[in-house]
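Here's the structure we're looking at; comments come further down.
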Amino acid sequence: TLARVDNFIRSYAPKAAEQLVSMSERMSEGSLESYSQALTTCRRLLLTVADAIFPARSEPYIDGGKKKRDVGPENYKNRLMAYLEVKRLSSGTEELIRSDLEHLAA
């Protein structure tokens, strides 16, 4: 729900709120260049959230399948995935979020 997302952003990554507003403004402009700028801000938003909830590490994260995943500064997707795994969400919820994150990061 939107209230939960809003509370999460305010609590963990307040800078992300500004990025969400910026993305919305760019998207409403309707030009190809503004869409490109919104996508760049989206990537930066994901990085901001990853920095807040799973800070970068020099050593790899070992996931539940014993696979090593780089979780350095630019590996925001792996860090977000690691956070989800650490939070131990239900498998259905985690899979849905993973799928959405894969799509968004692409």
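The values are calculated or read from the model by the stated rules, or taken from the named source; none is laboratory data. Remember, it's a predicted structure, so these values are computed and weren't measured experimentally. Heads up, the Cβs are rebuilt from the backbone with ideal geometry, glycines too, and the neighbour counts pull from every protein chain shown. Accessible surface areas use protein heavy atoms only, side chains included; no ligands, DNA or RNA. Shrake-Rupley method; radii C 1.70, N 1.55, O 1.52, S 1.80 Å.
Odds and ends about this structure:
- Of all residues making up the range 10-21, the number that are more than 20 Å from Glu74 (Cα to Cα) and in contact with a Lys or Arg (Cβ under 9 Å, 6 or more places away or on another chain): 1
- Pair list, Cβ < 6 Å and 6+ apart or interchain, from the range 7-28 residues that are touching a residue at least 40 places away in the same chain (Cβ under 8 Å) and farther than 15 Å from Leu39 by Cα to residues that are open to solvent by 60 Å² or more (accessible area, probe 1.4 Å) and not charged (D, E, K, R): none
- Check on Gly65, modelled with pLDDT under 95, more than 21 Å from Phe8 (Cα to Cα) and not in a helix (DSSP H, G or I): yes
- Candidates in the range 17-62 are the residues that are under 15 Å from the mean Cα position of the chain (by Cα) and not in a helix (DSSP H, G or I); of these, the one that is surrounded by the fewest Cβ atoms within 10 Å (Cβ to Cβ) is Pro55.
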